[in-house]
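Report on one structure; see the data block that follows.
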């Protein structure tokens with residue numbers, strides 16, 4: 001059996017309230033499922049920007065875990081696949097904080113083989129992205145659920 | 001009356017808008033509306049222990065964390081009466097090289113070049129010129145790799161501290177970057193040549209340039225605050241001449257000189273004031289460009305960035321080759337109440353910090369003046385100067401030309417607060 005190169009990547013800013021949900025969810029999953037976490041590459045990053053493309057280099061599959069702004073109530077989990085992400089229209093292309101969707105779109109333009117990457121985004125809906133705030137209680141309460149979603153996804157890839 | 005309105009400017013950091021009202025060929029109203037909420041970092045720092053400050057201020061911006069770290073560290077060291085020199089200082093410059101490399105490579109190729117090459121975005125540029133974008137990403141990556149080798153992370157590095165460094169980085173990972181830096185130096189020389197061939201819009205402004213100047217090195221951290229109008233001030237006297245004020249339409253503060261004039265900070269100011277301190281290869285690139293200094297066209301800040309890219313790859317190579325860590329990586333701090341200010345040159349311009357601390361090293365007061373707050377009123381004046389050209393253009397071209405002007409400053413509204421949208425209104 002060929003072993004897949006799998007990346008689990010928590011994304012978010014630790015000082016921007018609910019934005020830290022992706023980081024916290026990956027850390028929670030590592031605590032709850034250390035044996036699974038030991039079998040894949042795990043990274044957390046605050047603002048990967050275009051560096052996301054370097055992180056994905058050489059990977060067969062990636063599970064990105066990130067806070068998302070959504071109409072859904074805080075703490076709602078959204079699991080998106082490659083096709084869902086491809087459908088995202090790149091936003092303003094903020095100079096400094098290239099979002100995951102924009103970066104992946106750029107990556108596919110430059111490197112068509114990126115389309116073969118099995119990509120999943122586990123999004124955790126947040127509402128408060130202000131400075132220094134803690135995670136909202138609804139978001140914190142969703143971390144176990146997010147950790148289990150990561151575990152299920154990784155197990156389907158292993 | 002002709003109006004130009006951009007509700008959300010692309011390829012700038014943060015959120016804001018731009019409104020221009022033109023009547024009889026003159027701009028009668030210009031507003032850079034900054035409506036993201038202020039980031040309250042200054043309040044957030046109060047009562048924090050001083051060693052927390054560099055890691056918190058680094059998070060003000062994902063693209064220039066080193067500048068925020070360094071200005072805060074220099075200010076706090078000044079409050080404690082410490083000065084880091086020797087290898088510790090050289091390593092700070094090397095860290096700064098990493099930041100300039102990743103920031104300038106990004107801005108030149110992915111933020112401003114699309115304007116000059118007629119591509120609506122970097123994504124479109126990648127479709128028509130994939131090798132250009134691939135090279136740009138490779139040039140940028142070595143900057144991030146440098147940040148990671150010194151600071152442990154490619155964004156928000158964590159090794160720098162008040163008094164020096166938490167630990168000396170290993171030499172081997174730094175030396176391993178040399179071949180890629182040599183490749184990038186050549187790519188930067190080519191970038192500098194290419195930058196001269198681009199179709200910059202016509203606009204010449206009689207600027208007051210302001211930057212840190214040091215007689216022996218390209219001004220980054222040590223030195224005086226020089227103005228092209230002749231003022232030369234020690235860092236401690238910065239606030240006696242450069243004043244920040246609230247304006248109604250913006251959440252960001254706007255700066256002016258005590259005489260009431262607006263000034264420009266950033267690559268044009270640095271190159272025009274400090275070109276004699278460039279590294280040899282960068283000086284050669286500038287000489288080969290046959291450019292008459294000072295450059296006074298804001299769109300041509302891309303050329304200044306390209307020359308600086310040559311400089312910072314070259315300086316990074318020299319600093320890595322000379323890297324010899326020895327002795328303690330940081331000074332032992334003797335806490336005492338005090339006040340200090342510090343400044344450094346972020347890629348987009350001069351960044352000033354001032355702190356008061358108590359006897360336990362806790363922050364009692366913090367003031368941060370980011371480069372974009374200093375440039376915002378200057379950008380508004382530039383747009384007024386551009387108005388006679390804008391009024392003759394089709395709406396779409398006028399909007400793009402005005403947006404391009406704003407982008408050429410590489411404004412970071414996240415730092416000034418957050419940033420931008422454009423409306424030009426013809427009031428005839």
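Please treat every number below as a calculation from the coordinates, not as lab data. Small disclaimer: the values here were computed from a predicted structure and weren't measured. Counting neighbours? That spans all protein chains shown, and the Cβs are built from the backbone with ideal geometry, glycine included.
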- Query: In degrees from 0 to 90, rounded to the nearest 10, what is the angle of the helix B:178-195 Cα long axis to the longest principal axis of chain B?
  - Reply: 20 degrees
- What's the extension gain from residue B:358 to residue B:49 if we count 0.36 nm per residue and subtract their Cα-Cα distance? 110.3 nm
- What is the spin-label model distance, in nm, from residue B:204 to residue A:71 if the labels are put 7 Å beyond Cα along the C-beta direction? 5.5 nm
- Item | Where labels lie 7 Å past Cα in the beta-carbon direction, separation of residue B:24 and residue B:172 in nm | 7.4 nm
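Using just the helices of chain B, give the 222 nm mean residue ellipticity in deg cm²/dmol: DSSP H runs with n ≥ 4 each add -39,500 (n - 2.57), and the total is spread over all residues, rounded to 500.
-13000 deg cm²/dmol
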- Based on the Cβ-Cβ distance of residue B:396 and residue B:297, what FRET efficiency does E = 1/(1 + (r/R0)^6) give at R0 = 30 Å, to the nearest 0.05? 0.85
- Message: As an exercise, use a Förster radius of 45 Å and the Cβ-Cβ distance of residue B:333 and residue B:193 to find the FRET efficiency, rounded to the nearest 0.05.
- Response: 0.40
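What ranking of B:300, A:153, B:284, B:258 emerges when the number of other C-beta atoms within 10 Å of each C-beta is taken as an exposure proxy, fewest first?
Listing B:300, A:153, B:284, B:258 from fewest to most nearby Cβ atoms yields B:258, B:284, A:153, B:300.
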- Item | Sites residue A:111 and residue B:217, calculated FRET efficiency, Cβ-Cβ separation with R0 45 Å, nearest 0.05 | 0.70
- Work out, step by step, the length gained on full extension between residue B:180 and residue B:259: first 0.36 nm times the residue separation, then minus their alpha carbon distance; give nm to one decimal. 23.7 nm
- Query: Can you give the angle from 0 to 90° between the axis of helix B:301-321 and the longest principal axis of chain B, with both taken from C-alpha atoms, to the nearest 10?
  - Reply: 20 degrees
- Note on the structure: tail above 29 Å in the computed P(r) of chain A, as % of all Cα-Cα pairs, reads 12 percent
- For B:351, B:80, ascending order of other Cβ atoms within 10 Å (fewest first) is B:80, B:351
- Mind pulling the angle between the C-alpha long axis of helix B:65-80 and the longest principal axis of chain B? Nearest 10 degrees, somewhere in 0 to 90. 50 degrees
